[in-house]
Amino acid sequence: KSRAQPFQQQYGLHDVILATDCVYVTKSVRPLFETIQTLLAPGGVFLFVNSCASICSLEEVMKIGKEEFGLVALEEEIWRMEGNEEDPVYVFRRR
């Protein structure tokens, strides 16, 4: 979060933030969501893809995002690309 604040001061808030393959262990989830909270504009979306091997489950990512940061990925907004259903894009929004 401390590194995100100077970035936010210089570049402002963002309507869309994309993160891919950046969560391998559970302890990296909270810093990710802290950064998103700092940089995401009101009404913005956070797009999350995790296609690499991870010891942190997607369920844990979703739980931390929702319960601790108020960011929710709704089932009806998950993007699944034809031919690559294994790596969906999760669209997180603030509750």
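The values are calculated or read from the model by the stated rules, or taken from the named source; none is laboratory data. These figures come from a predicted structure and were not determined experimentally. Cβ placement follows ideal geometry from the backbone for every residue including glycine, while neighbour counts extend to all protein chains displayed. Only protein heavy atoms, including side chains, enter the accessible area calculation; ligands, DNA and RNA are left aside. Shrake-Rupley method; radii C 1.70, N 1.55, O 1.52, S 1.80 Å.
Summary table below
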quantity	calculated
Percent carbon-and-sulfur accessible area, the chain, ignoring ligands, DNA and RNA, probe 1.4 Å	51
The chain, relative contact order in percent, only Cα pairs under 8 angstrom and at least six apart counted	29
Full-extension gain in nm, residue 80 to residue 30, via 0.36 nm per residue minus C-alpha separation	15.5 nm
Average accessible area per residue (Å²) across segment 1-41 - probe 1.4 Å, nucleic acids and ligands excluded	66
Label-point separation in nm, residue 72 to residue 51, each point 7 Å along Cα→Cβ	2.9
Area accessible to solvent at residue 76, 1.4 Å probe radius, in Å²	140
Fraction of antiparallel bridges per DSSP, the chain only, in percent to nearest 5	55
